[in-house]
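Colleague: One structure follows; several queries about it will come next.
The values are calculated or read from the model by the stated rules, or taken from the named source; none is laboratory data. The model shown is predicted, which means the values in this text are computed figures rather than measured ones. Cβ atoms come from the backbone with ideal geometry, glycine included; neighbour counts cover every protein chain shown.
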Amino acid sequence: MKNTTVTFKNKKTDGEKITMLTAYDYTTAKLEDEAGVDSILVGDSLGMVIMGYDSTLSVTMDDMIHHSQIVARGAKNALVVTDMPFMSYQTSVYDAVVNAGRLIKEGHADAVKLEGGVKFEEHIRKIVDASIPVVGHIGMTPQSVNAFGGFKVQGKNIDDAKRIIDDAKAVERAGAFAVVLECVPTPLATYITEILSIPTIGIGAGNGCDGQVLVYQDMLGMYSDFTPKFVKKYGELGESMKNCFKEYCSEVKNCTFPKEENSFKMSEEVMKQITEEE
């Protein structure tokens, strides 16, 4: 059965944890969907793990629409949430609504996610008013990496903690149906989870959140450029893939692939006729 915003609300009410993973292609989305992942995030993290940038800032609306379309084809039950990329909503409330609409209409997303709290409360409200479900994202917001001076844990001092609490309340007040808490100390994330009526999805925010999200390349050991502290590796697929690639190269060069079982036959008579005619 297709997961919806109501599913998220019910899971928080029932105390059932929400699972979310990123995906950027049909094959991965299909596998995650079949595994029972509640929600698939088409994250602007694709800028780093798919496109090779050193941050998410270069990702465009066209990039997000393209990958969102692909993921949506593979997700039959999971709720597809697509990120609004840098400068797709910061410029104005109008741009925020228009670009959110594009992700739904062209990208076939079920919901959009945008970073920021109090400063973008009106943006979220107007997107929700346009009947587009919104997931907020507060704490360490990667699109603000330059303003933060790097990827750093947020909310460790009293002023920052209060700011994040205010952001959480603003996101809820604006009508978002869930909020991502990234790189927030566990006690603060747990407190925010307790005071909000909407689900919290943690990434580096401890076990007190209503759900968790990870970048799938991180949790499968496929992205070696950088591994955040909060990541648990559930496999080392990167090494397995490299070993498979090496074995393939070796067999091709040694003429041990393809073998007879990997090849197609034809009638000897037909082949004889061809060679005789030549």
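Colleague: Can you confirm whether segment 224-231 contains a residue that is in the same structural domain as residue 157 (by TED's automatic domain parsing), in contact (Cβ under 8 Å) with a residue 12 or more places away in the chain, of a type in the set (Gly, Ala, Ser) and within 21 Å of residue 28 (Cα to Cα)?
Modeller: There is at least one residue in segment 224-231 that is in the same structural domain as residue 157 (by TED's automatic domain parsing), in contact (Cβ under 8 Å) with a residue 12 or more places away in the chain, of a type in the set (Gly, Ala, Ser) and within 21 Å of residue 28 (Cα to Cα).
Colleague: With in contact with a Pro (Cβ under 8 Å, 6 or more places away or on another chain), modelled with pLDDT of 95 or more and of a type in the set (Phe, Trp, Tyr) as the only criterion, which of 257, 264, 177 stands out?
Modeller: 177
Colleague: Of the residues 161, 168, 100, 147, which single one is assigned to a helix (DSSP H, G or I) and at pLDDT below 95?
Modeller: It is 147.
Colleague: Let me ask another. Would you call residue 47 at positive phi and either surrounded by fewer than 24 Cβ atoms within 10 Å (Cβ to Cβ) or among the acidic types (Asp, Glu) (or both)?
Modeller: no
Yes/no per residue for (1) in contact (Cβ under 8 Å) with a residue 40 or more places away in the chain; (2) in contact with a Ser or Thr (Cβ under 6 Å, 6 or more places away or on another chain):
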{"residue": "4", "(1), (2)": "yes, no"}
{"residue": "15", "(1), (2)": "no, no"}
{"residue": "19", "(1), (2)": "yes, no"}
{"residue": "29", "(1), (2)": "yes, no"}
{"residue": "33", "(1), (2)": "yes, no"}
{"residue": "38", "(1), (2)": "yes, yes"}
{"residue": "42", "(1), (2)": "yes, yes"}
{"residue": "50", "(1), (2)": "no, no"}
{"residue": "53", "(1), (2)": "no, no"}
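Colleague: Out of all the residues in segment 124-139, which are surrounded by 24 or more Cβ atoms within 10 Å (Cβ to Cβ) and either in contact with a Gly (Cβ under 8 Å, 6 or more places away or on another chain) or in a helix (DSSP H, G or I) (or both)?
Modeller: 124, 127, 134, 136, 137, 138, 139
Colleague: Further question on the same structure: Starting from residues that are over 16 Å from the mean Cα position of the chain (by Cα) and either modelled with pLDDT under 95 or of a type in the set (S, T, N, Q) (or both), keep the ones in segment 78-97 and report whichever is surrounded by the most Cβ atoms within 10 Å (Cβ to Cβ).
Modeller: Top of the filtered list is 88.
Colleague: Additional query: Regarding residue 199, is this residue of a type outside the set (A, V, I, L, M, F, W, C) and surrounded by 23 or more Cβ atoms within 10 Å (Cβ to Cβ)?
Modeller: Taking the combined requirement at face value, the residue satisfies it.
Colleague: Take the residues in segment 22-44 that are more than 10 Å from the chain's Cα centre (by Cα) and hydrophobic (A, V, I, L, M, F, W, C); name whichever of them is surrounded by the most Cβ atoms within 10 Å (Cβ to Cβ).
Modeller: 29
Colleague: Also, quick follow-up: Of the residues 135, 153, only one is of a type outside the set (Asp, Glu) and farther than 30 Å from residue 6 by Cβ; which?
Modeller: Of the residues listed, the single one that is of a type outside the set (Asp, Glu) and farther than 30 Å from residue 6 by Cβ is 153.
Colleague: Condition test on residue 192, is it closer than 30 Å to residue 174 by Cβ, more than 18 Å from the chain's Cα centre (by Cα) and in contact (Cβ under 8 Å) with a residue 40 or more places away in the chain?
Modeller: So residue 192 does not fit the description; no.
Colleague: Right, next: Considering only segment 240-278, how many residues are basic (Lys, Arg), surrounded by 10 or more Cβ atoms within 10 Å (Cβ to Cβ) and more than 30 Å from residue 224 (Cα to Cα)?
Modeller: Of the residues in segment 240-278, 1 are basic (Lys, Arg), surrounded by 10 or more Cβ atoms within 10 Å (Cβ to Cβ) and more than 30 Å from residue 224 (Cα to Cα).
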